[in-house]
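Any read-out appearing in this document is the output of simple, stated calculations on the displayed coordinates, not a laboratory observation. Owing to the predicted nature of the structure, the values given are computational and were not obtained by experimental measurement. All Cβ positions, even for glycine, are placed from backbone atoms using ideal geometry, and neighbour counts span all protein chains on display.
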Amino acid sequence: MDVFLVEPRGFCAGVRHALAIVTETLEKYGSPVYVRHEIVHNKHVIDDLKQKGVIFVEELDEVEDTSRPVIFSAHGVSAQVKQHALNLGLQIIDATCPLVNAVHLRIKKLEESGNDIIVIGKATHPEILGTIGQLKDPNHAHIVSSLEDVNHLRLPENISLGIVTQTTLAVEETKDILNALQQKFPQLSKVSHPNICFATTNRQNAVRELARLTPNILILGSKNSSNSTHLREAALRYGAQQAWLVDDASDIDWKALHTCQSLGISAGASAPEYLVEEVISELRRRYLNINIHHVKVAEEKSSF
């Protein structure tokens, strides 16, 4: 089998930043340390941190020992959650991705300038909840996640509008939604590009290259990871015949791979590299001859 390993893949700068904060907090304060929501969306990362003494909670009221540090996840939180933390007297350490913080600043400025804001993203995703939660009046936000949502969106003709997007969306689909919105609302402030982060864009571009090399693509990442899910969707959009999203090597449908002569491999921005290494090891165990081809599409040097 020919195996194409694409770069960039796996941890992005925002994930490394968040995990470094958790590690430093554990080293400084010992365990337990609380994290509100999953620090990043990956099953293995969460399980590893639990073993090190991290307690994950969905709401701050679940923190049993209020003397312990509480970390906000990379997805960010609303202004209301921050105020609630102050009211509880919690020691908060913020691991919000700097690129998400930039979206928070943008949506606040748009509201301060008198705009209603169209928010492209998934209504229940923690990042969107945190982004809309920056507004003094959440009624100024209008969430769309598809072209159908754009068609159903009804706003006054003379309303002043701005726009922000979730950072982990599908690049091509988001462009289509942006174009549809700008056609429907000519007064919409023009954006040269959506707020999709560079790591999400790079990984989707890398999967596009994989689809040129092989019809079979394997994405390592958890099912609740937006960027990982979109990598699988991108693979199919760009021409792959088969694309799988798996948590790890044990999650692979090996019967489906049995007739494949080639395989492309990538990993979502919250998936650790050891998962890729385990898949390669399992491929070597199952196949007599594995030819590894490294495909570098972009180089990421950014760090936070």
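Structure values in brief
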quantity: Listed residues T25, T229, T131, most fluctuating in the chain (Gaussian network, C-alpha, under 10 Å); calculated: T25
quantity: For the chain, convex hull of alpha carbons as volume per residue, Å³; calculated: 139 Å³
quantity: Extension reserve of the E273-K50 stretch, reckoned as 0.36 nm per residue once the Cα distance is removed; calculated: 78.4 nm
quantity: Simple label model, 7 Å out from Cα along Cβ direction - T259 to R154, nm; calculated: 5.1 nm
quantity: Cβ-derived FRET efficiency at R0 25 Å, K296 paired with S250, nearest 0.05; calculated: 0.30
quantity: Tensor-based shape of the range 43-116 (alpha-carbon gyration tensor, a/c under 1.5 rounded, otherwise prolate or oblate); calculated: oblate
quantity: Linear extension gain, Q242 paired with Y287, 0.36 nm per residue minus alpha-carbon span; calculated: 14.2 nm
quantity: Exposure proxy order (Cβ contacts within 10 Å, fewest to most) of F11, F198; calculated: F198, F11
quantity: Potential lengthening between L86 and N101 on full extension [0.36 nm per residue; Cα-Cα distance subtracted]; calculated: 3.5 nm
quantity: Fewest-first sequence of R68, R284 by Cβ atoms within 10 Å of each Cβ; calculated: R284, R68
